Amino acid sequence: MRLCYTRRRLLLALWDAAIAVGKSFAAQEGWGMGLALLLLIWLITLASTYFFVAKTWWLPVGAAASAGFIDRQFTLTFIIMGIVFLAAQLGLGYIVWRYRESSSSPPVSYSHGNTTLEVVWTLLTAVLFIGLNLMGSSVWASQRFDAAEAGAVQVEVTGMQFAWYFRYPGPDGKYGATSPKLMDPSAGGEAAVGLNTSDPAAKDDVVTGTMYLPVDREVDVSLRAVDVIHSFFVPSLRFKQDAVPGLNIHMHFKPTAIGEYEIACAELCGLGHYKMHGVVHVVSQEDFDKWLAAREAEKQ
Ligand SMILES: [Cu+2]
């Protein structure tokens, strides 16, 4: 806290200094506004870059099999984009100052730009954007388009205003039927996800408000939403996927460390959006079996 406070004080002092320098130069024709803008642009650029370099707001330590790959991709993207950002903003500041107005400035001439330059930077941007996407696509696609490993734990995640529900298919390994007509979010639990309790496969389905997962086992997630689009985001597991009404979206991932990890809804879904958080409990296989058996016992 103390450190953050000091940093803030430092940034505020730098800001005041820039304004003061700008003002003192503003009195001198030809320097004032151009230099003030240069300082302001550079200050904003360097201050915002600092927060990324210092990792002031960063992801928590990864606890999933794909975390290493995702973090490397994330860092690479930030470094490349950071260099482009710095070059563009520092260049902007310089040009604002270099071509400032003065009494000896020539009259304004309007330019149609430089086609060669425009083609070059558009192509470079396309290569960078498509290249980074291709690099990351293998992991992104494998989590969505490949089937989960045999023996994966099945969990259905349902988002609704403003809660998450988790359904486990029970010993039969089959989810019972659900229907939008049966969905009653105000009732919570099985009724909230619209479980058809007369379906034999639904008899052993467990619906809970807390998510338990065994460590080092693939998790086969089915994502659904009741009302609007929600986004199931577990930063520590590097997992984020929208839950869309009318769709059943499949993904899989593997938690690799026992612990409790925060769930957030990453889609602004209404007034109570901020309340849509929860906890994923990643536990040993033994503890997971015990927990699930206890939920089954509660049902009887
Ligand atoms: Cu939500």
*What single numbered condition from (1) within 10 Å of the ligand (Cβ to nearest atom); (2) touching a Phe, Trp or Tyr at 6+ places or on another chain (Cβ under 6 Å); (3) within 22 Å of residue 68 (Cα to Cα) fails to hold for residue 232?*
(2)
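Can you spot a residue in the range 100-109 that is surrounded by 15 or more Cβ atoms within 10 Å (Cβ to Cβ) and either at pLDDT below 90 or under 29 Å from the mean Cα position of the chain (by Cα) (or both)?
Here is the first cut: in the range 100-109, the residues surrounded by 15 or more Cβ atoms within 10 Å (Cβ to Cβ) are 100.
After this cut, where a residue has to be either at pLDDT below 90 or under 29 Å from the mean Cα position of the chain (by Cα) (or both) as well, the list is 100.
The answer is yes, given that some residue of the range 100-109 is surrounded by 15 or more Cβ atoms within 10 Å (Cβ to Cβ) and either at pLDDT below 90 or under 29 Å from the mean Cα position of the chain (by Cα) (or both).
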*Given the conditions (1) touching a Ser or Thr at 6+ places or on another chain (Cβ under 6 Å); (2) exposed (fewer than 10 other Cβ atoms within 10 Å of the Cβ), report the number of the one that residue 145 does not fulfil.*
(1)
_Options 15, 31, 42, 57; residue that is modelled with pLDDT of 90 or more and open to solvent by 80 Å² or more (accessible area, probe 1.4 Å)_ = 42
*Test residue 215 against the criterion of being more than 16 Å from the ligand (Cβ to nearest atom), open to solvent by 20 Å² or more (accessible area, probe 1.4 Å) and in contact with a Gly (Cβ under 6 Å, 6 or more places away or on another chain), and give yes or no.*
no
*Return a yes/no flag: does the range 219-228 have any residue that is free of Cβ contacts under 8 Å to residues at least 40 places away in the same chain and either out of contact with any helix residue (DSSP H, G or I) (no Cβ under 6 Å at 6 or more places or on another chain) or not hydrophobic (A, V, I, L, M, F, W, C) (or both).*
no
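When you scan the range 235-270, how many residues do you find that are aliphatic (A, V, I, L, M) and within 11 Å of the ligand (Cβ to nearest atom)? Explain how you work it out, then say what you get.
If we filter the range 235-270 for residues that are aliphatic (A, V, I, L, M), which is where we start, we get 237, 243-244, 247, 249, 251, 257-258, 263-264, 266, 268.
Filter once more, keeping what is within 11 Å of the ligand (Cβ to nearest atom): 243, 263-264, 266, 268.
Count: 5.
The values are calculated or read from the model by the stated rules, or taken from the named source; none is laboratory data. Remember, it's a predicted structure, so these values are computed and weren't measured experimentally. We place every Cβ from the backbone using ideal geometry, glycine too, and count neighbours over all the protein chains shown. Ligands, DNA and RNA are excluded from the accessible area calculation, which covers all protein heavy atoms including side chains. Shrake-Rupley method; radii C 1.70, N 1.55, O 1.52, S 1.80 Å.
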